[in-house]
2 protein chains.
Amino acid sequence: MTRASSHYPLMVVGTVAIDSVETPFGKKDSVFGGSASYFSYAASFFTAVELIAVVGEDFPGEYRKVLEERPIGLEHLATRQGKTFHWRGKYGSDLNTAETLETQLNVLVDFKPELRNDREPEYLFLANIDPNLQMDVLNQVKRPKCRFVACDTMNFWIEGKALELGKVLKRVDMIVVNDGEARLLAKEANLIKAARKIQRMGPGVVIIKKGEHGAFLFQREQFFALPAYPLEEVFDPTGAGDSFAGGVMGYLAKTGDTDFENLKRAVSYGAVVASFTVEDFGLERLRTLRAEDIESRLANFKRLCSF
Amino acid sequence: MTRASSHYPLMVVGTVAIDSVETPFGKKDSVFGGSASYFSYAASFFTAVELIAVVGEDFPGEYRKVLEERPIGLEHLATRQGKTFHWRGKYGSDLNTAETLETQLNVLVDFKPELRNDREPEYLFLANIDPNLQMDVLNQVKRPKCRFVACDTMNFWIEGKALELGKVLKRVDMIVVNDGEARLLAKEANLIKAARKIQRMGPGVVIIKKGEHGAFLFQREQFFALPAYPLEEVFDPTGAGDSFAGGVMGYLAKTGDTDFENLKRAVSYGAVVASFTVEDFGLERLRTLRAEDIESRLANFKRLCSF
């Protein structure tokens, strides 16, 4: 393998899943999902991205082919005996929060990510997964060659693995969480204060995703607020947050710039990519997306927010 | 009375109240409140405003003096036998929604606003009050001399006086409601679709207030999204929506321009004035506010939202 083909500026560790999703508009089993799937597909519009994850023997070849459509490195997508991680969730009429009906960890239980030692990503994203796995990967990348590490997490880990998560937070440059997670993590209802508290836990950059209400970005003392791109039809919100993070990190890795002004641009790209994701089940909408669709929606978005 | 002193470009009908407010930061009785009080005080930073409302014999002279601090016309602030309208509410830790614990209509029950016929406001706001009272006032202003009429409402009227409210909506140019009210009024969970449905009920301009998440503005096919001004300390959210509306209408009346670009500016002024209101109980923060504080926060706000 040549150097060129094995170099991915961005790396993500997370889940690749088979989901069952119920929304007010329909119910679908065997939807291709997982935090790392959404993240990498979204990021691939900006840069080549390597995916670190595990699937079971039941993982359909057609799903692998979906990822192969894009510049996504699959050498570290391990296949293990057993079944692929499965999530079943349901959205109410406001589409803002999913109720988790079932989680089957399956092959995730024994997952131990091992990176080939020629892997030197400059940007690393620790998607929503057990903080111990996030730490495993973090320990295998070389700093400061890997110049920017970001993570996501969820209530389950904030409540159940606070200590382990705390260790991860000390070593990341950025965290991307939703408003409920930020409040829980900081034990603070006011989101601005919550972000300031989270910054003191480690990550200098804090992004708070607020679903249909947009996102907040904090870097040191600086602050940026962005509404969500307005959509009349939200079909399935699954993966919106992971696509958002993928857009943000993909854009950062592409531009190689994490100054505040560029972070703002990255957040706006993330919001736009996420706005496409929710227009169909799973990755379906992103599969027909073109780079020019992103640019055109971003231009429209800027127009809608300027005053 | 000279012509100059009796001319108010903006008029508001609504409640003047004595509130009891409980927030996570404290509990206070006898807070000066009411939709028309907050509205007129906020609007007075931009234009002279006439207040149409009723109070009881218990209304403290010191509260009247608060309104007299500003260019607020009080000739139509009627005093009737009985007690002033009283609202008691409580905010939970997220400070987003008030739980109404008690409402005593008192003098509002028999209120019948009667305008002196030399009153010719160009801008009229029908604040949150019984749709029948809104209609009474609407019937007494001369169109098209009164060139722009806007209204607010709440769940109580949407559910209890749908027919009367529907008639008001047919005759207003703009409605200012919060997200929950918009969803209820349109029977539609998606806010963009809800706004489009409300536009078809009458008002060409729809503003949806989303509390800490900002606001949406719709005029014909046009759309504008604004985050809320980020505050680390929200002390008492009572009156935020009415101050917002006061800022919007005050700015429109001052500039005499209801084109989309100016509506956007009006909404941003409304958001800034509301952000001051919530920094203290009742009208206390607005009483020490200066025009330059508004301009300086607006400049900062623009910076926080631009990308």
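For peptide A:189-195, compute the average count of partner chain beta-carbon atoms within 10 Å of each residue's beta-carbon.
Mean number of neighbouring Cβ atoms from other chains: 5.
Just to check, using Stokes-Einstein with a Kirkwood Rh over alpha carbon pairs, what's the diffusion coefficient of the range B:47-145 at 10 °C and 1.306 mPa s in µm²/s?
Reported coefficient: 103 µm²/s.
Antiparallel DSSP bridges in the protein assembly as shown: what percent, to the nearest 5?
40
Please compute the Kirkwood hydrodynamic radius of the range A:148-307 from all pairs of different C-alpha atoms, in Å with one decimal.
Evaluated on the range A:148-307, it is 16.0 Å.
Summarise the partner chain shielding of A:220-227 as one whole number: the mean count of Cβ atoms from other chains within 10 Å of each residue's Cβ.
5
Which of the GluC sites (Glu not before Pro) across the range A:1-104 are loop residues per DSSP, with 12 or fewer other Cβ within 10 Å?
A:Glu57, A:Glu69
Amide H to amide H, which residues 5 or more places from A:Ile52 or on other chains are under 5 Å from it, using H placed in the peptide plane?
A:Val12, A:Val13, A:Gly14
Out of A:Pro121, A:Pro24, A:Pro227, any idea which swings most in a Gaussian network model of chain A, alpha carbons joined below 10 Å?
Looking only at A:Pro121, A:Pro24, A:Pro227, the largest GNM fluctuation is found for A:Pro24.
Can you pull out the trypsin sites (Lys or Arg not before Pro) in the range A:210-264 that DSSP calls coil and that have at most 11 other Cβ atoms within 10 Å?
Listed in order of number, the matching sites are A:Arg220.
Can you bin the range A:3-298 into rounded, prolate or oblate? Criterion: square roots of the alpha carbon gyration tensor eigenvalues sorted a ≥ b ≥ c, rounded for a/c under 1.5, prolate for a/b above b/c, oblate for the rest.
Rounded, because the longest to shortest axis ratio a/c is under 1.5.
Between A:Leu286, A:Leu74, A:Leu138, where does the largest GNM mean-square fluctuation fall for chain A, given springs only between Cα atoms within less than 10 Å?
A:Leu74
If you average 1/r over every pair of different alpha-carbon atoms in the protein assembly as shown and take one over that average, what Kirkwood value in Å do you get?
Result for the protein assembly as shown stands at 25.9 Å.
Would you pull out the residues with amide H under 5 Å of A:Thr97's amide H, same chain only if 5 or more places away, H placed 1.01 Å from N?
Hits under the 5 Å cutoff: A:Gly92.
What ranking of B:Phe216, B:Phe223, A:Phe156 emerges when the number of other C-beta atoms within 10 Å of each C-beta is taken as an exposure proxy, fewest first?
Listing B:Phe216, B:Phe223, A:Phe156 from fewest to most nearby Cβ atoms yields A:Phe156, B:Phe223, B:Phe216.
Where a number appears in this text, it was derived from the coordinates with a stated rule and is not lab data. Remember, it's a predicted structure, so these values are computed and weren't measured experimentally. Here Cβ is always computed from backbone atoms with ideal geometry, including for glycine, and neighbour counts include all displayed protein chains.
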